[in-house]
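Report on the structure given below.
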């Protein structure tokens, strides 16, 4: 039967746990941050894909001589511009969160591998790991919800853009009364709601920035705590 110390050494040599008295924090904290880095990558992709979809749906209508009159061109152009900029901003914020989380993960790995911490210090480290991880998880959840809400609000718009594309490529003589009604209904809808849509796009960025600011504070606390623990370990 292996002793606890021998078992820990064998597991550490196999890469199953860290060679540290903070094995649990190292393994669980590192894994948790790694999972969140992947989730942040997925959020960035989701935001940029939606931005690309809006651009692909509206840009041809603006580039070609189409069924859009001057007023509708302005509305379409504003929606495309504001949503594309807002979703790109959300992607950039998410990537910034990922970059800082990668830094945090690396710092955690170095600190727990080298530091000889007492129980009080270990408890402090566990607390900041948990706090930081919880704030990142909240950011991911809130940003995901914001993106889902954007998709829901744009669902009708995407269907309408498809109708406009068909009207743009279909000869006027080939348009049925029912088709003309659909086109008119959508464009009337857009005329009444486009300002609200643009406001929602701006709110998307504002809410993401607010959520990210909370994570920034947790990130600063996390890095400061690990730096302090590293200095204490050197001086002890």
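The values are calculated or read from the model by the stated rules, or taken from the named source; none is laboratory data. This structure is a prediction, so every number in the text was calculated from the model and none was measured. Glycine also receives a Cβ, built like all others from the backbone with ideal geometry; neighbour counts cover every protein chain displayed.
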The residue that is farthest from residue 44 (Cα to Cα), considering only those in region 101-114 that are surrounded by fewer than 21 Cβ atoms within 10 Å (Cβ to Cβ) and in contact with a helix residue (DSSP H, G or I) (Cβ under 9 Å, 6 or more places away or on another chain), is 114
Could you tell me whether any residue of region 32-46 is in contact with a helix residue (DSSP H, G or I) (Cβ under 9 Å, 6 or more places away or on another chain), modelled with pLDDT of 95 or more and more than 30 Å from residue 225 (Cβ to Cβ)?
yes
Counting only residues that are modelled with pLDDT of 80 or more and loosely packed, with under 14 Cβ neighbours inside 10 Å, how many does region 167-190 have?
7
Farther than 19 Å from residue 198 by Cβ, under 23 Å from the mean Cα position of the chain (by Cα) and touching a residue at least 24 places away in the same chain (Cβ under 8 Å): is that true of residue 103 in this structure?
yes
Would you please name the residue that is modelled with the lowest pLDDT, looking only at residues in region 125-136 that are touching a helix residue (DSSP H, G or I) at 6+ places or on another chain (Cβ under 7 Å) and surrounded by fewer than 16 Cβ atoms within 10 Å (Cβ to Cβ)?
126
Could you tell me whether residue 216 is out of contact with any helix residue (DSSP H, G or I) (no Cβ under 7 Å at 6 or more places or on another chain) and at pLDDT 95 or above?
yes
Out of 52, 57, sole residue that is surrounded by fewer than 15 Cβ atoms within 10 Å (Cβ to Cβ) and part of a helix (DSSP H, G or I)
52
Can you spot a residue in region 143-152 that is more than 21 Å from the chain's Cα centre (by Cα) and buried (at least 18 other Cβ atoms within 10 Å of the Cβ)?
no
Restricting region 73-93 to residues that are under 12 Å from the mean Cα position of the chain (by Cα) and without any contact (Cβ under 8 Å) to a residue 60 or more places away in the chain, the one surrounded by the most Cβ atoms within 10 Å (Cβ to Cβ) turns out to be 91
